[in-house]
């Protein structure tokens, strides 16, 4: 992928996005709409729900190194989470690099969450029970939003982080061990970040590297799902440690023998379907915790 232009890389990723996915779950509601970001840009959104009830909501950010990926590329995953968790999922089409460099994606993510906190009821959803989540770069955006939500006194039930990028630099043991031959290669990561970051100084901004957040006290509880054979494995482990050290409840799941992107390979990898079930259980438990006490 790193040999392609960003436009060709996006097309290639979209073409293969559902090749290894499970069959598409049917849902009662699938609706496309858009919202205005802070600069007036219209962000595409897709709502999934298994019923027309006032359901709790997971706001989801797709992966793709801030350069590729879309609402469409993660359609089946979002459908599956909605189906299994019995909640609504809203997938966000944040803007991509290099046309839109850091911090545009981070700003779009926060704008989407801020919008949802005020307008969930307008969509017939339960605005009092919100969660955020994402995979890879989307996990980075979700982690950053959790910190911003804490600062804005916006309550979240859960942050659902699937192999999130969390570190300023890619020099940990897992980045070195899995630099080649494990789906996401070091050259791909360099390619993505060269398009996304304006300068090396952006690497130290906690919205790009949540491990650099001054503190994470009081952020939402986390479910973190990691692939064992993934350059980002150490990122997720270190962020789980940072959250736990701050007293944040963390449910950490490690899926052995699988690579980055595995959660979208449910047709052939049993661990992907297990991760779907685990993530959905975490969502159900978070959304229904008041009913359990």
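The values are calculated or read from the model by the stated rules, or taken from the named source; none is laboratory data. Every value quoted in this text rests on a predicted model; they were computed, and no experiment measured them. Positions of Cβ are generated from backbone atoms using ideal geometry, with glycine treated the same way; all protein chains shown enter the neighbour counts.
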* Could you check residue 170 against (1) closer than 19 Å to residue 101 by Cβ; (2) in a helix (DSSP H, G or I); (3) in contact (Cβ under 8 Å) with a residue 60 or more places away in the chain and say which number it fails? => (2)
* Asked: Looking at this structure, is residue 220 assigned to a helix (DSSP H, G or I), under 19 Å from the mean Cα position of the chain (by Cα) and closer than 24 Å to residue 103 by Cα?
  -> no
* Asked: So which pairs qualify, if the first residue must be in the range 4-24 and on the phi > 0 side of the Ramachandran plot and in contact (Cβ under 8 Å) with a residue 40 or more places away in the chain, the second must be surrounded by fewer than 11 Cβ atoms within 10 Å (Cβ to Cβ) and part of a helix (DSSP H, G or I), the Cβ gap must be under 7 Å, and the two must be at least 6 apart or on different chains?
  -> none
* Residue that is surrounded by the most Cβ atoms within 10 Å (Cβ to Cβ) [pool: residues in the range 47-91 that are free of Cβ contacts under 8 Å to residues at least 60 places away in the same chain, closer than 17 Å to residue 122 by Cα and touching a helix residue (DSSP H, G or I) at 6+ places or on another chain (Cβ under 9 Å)] -> 91
* So which of 226, 176, 243 is modelled with pLDDT of 95 or more, more than 20 Å from the chain's Cα centre (by Cα) and outside any loop (DSSP other than H, G, I, E, B)? -> 176
* So residue 234 clears everything in (1) touching a residue at least 60 places away in the same chain (Cβ under 8 Å); (2) outside any helix (DSSP H, G or I); (3) in contact with a helix residue (DSSP H, G or I) (Cβ under 8 Å, 6 or more places away or on another chain) except one condition, right? Which one? -> (2)
